[in-house]
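Engineer: Take this structure, written in structure tokens, and hold onto it; I'll ask about it next.
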Amino acid sequence: MKDLSDYRKSYEKKALLETDVPEDPMQLFKQWFHEVEDFGGLEEVNAMTVVTNGLDGFPKSRIVLLKQFTYEGFVFYTNYLSEKGKAIEANPRVALSFFWPTLERQVIIKGMAEKIAPNLSDGYFESRPLGSQLGAIVSPQSQIIPNREFLENQLKELEASAQSTTVQRPAHWGGYLVRPISVEFWQGRPNRLHDRLRYSVQNDFSWKLERLAP
């Protein structure tokens, strides 16, 4: 068994202080996102972990790509009939997290997921490359399939018929908006005394800011 106890590093790149942050967490998220993007060294800054409460009673996490963020929250797209989609349908409470090691940062979000308007899903689907559109149609996401050839054969058949027609978004595929109820920003600091600031939404829709011990 490999011993990992000596895997250590000192976090010293940035600090996170109450005096330096805005009142709205989405403003800080935007600032951090672009700082990480500009810093470089990370292929997909928009990669995030989505955690749902599964129908089997177990939480499940997976990586998806954030496609939009606004003052309302965070948007990603998926198959509504997938394991993820069914879990959200049964319990819309989800968690999102981002890990940006280049600047020694994490963001952890708790929120409520809801489907976005169909016309918004249509617009995003139309912007995707043809191969991604067809892949969304042929894949029965999360279902058991016999082999790899099953998907490839389905794709070939659809490719042949899609050359002369516009591909329509399937009704079971679309976007979710996660409206945050809490957003925690984590900045690595020396001696494991990391900065953790948590925003929590209040009844009047303002945000309460608190510092958490690392």
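Engineer: Quick check: convex hull over the Cα atoms of the chain, volume per residue in Å³, rounded to an integer?
Structural biologist: Dividing the Cα hull volume of the chain by its residue count gives 181 Å³.
Engineer: What is the chain's relative contact order, in percent, from Cα pairs under 8 angstrom and six or more apart in sequence?
Structural biologist: 25
Engineer: For a label point 7 angstrom out from the Cα of Ser127 toward its Cβ, which stretches of the range 39-65 have the backbone nitrogen within less than 15 Å?
Structural biologist: Label zone hits: 46, 65.
Engineer: Here is a further query. Which order do the peptides 77-88, 7-18 take when ranked by the mean count of other beta-carbon atoms within 10 Å per residue, highest first?
Structural biologist: 77-88, 7-18
Engineer: Between 0 and 90 degrees, rounded to the nearest ten: what's the tilt of helix 148-162 against the longest Cα principal axis of the chain?
Structural biologist: Once rounded, one gets 70 degrees.
Engineer: In 10 Å bins starting at zero, report the fraction of Cα pairs in the range 1-100 per bin as a rounded %.
Structural biologist: It works out to 12, 34, 31, 21, 3, in whole percents.
Throughout, read-outs are computed from the coordinates displayed, never taken from laboratory work. It should be emphasised that the depicted structure is a prediction, and the values quoted were computed from it without experimental measurement. So basically every Cβ, Gly included, is an ideal-geometry build from the backbone, and we count neighbours across all protein chains shown.
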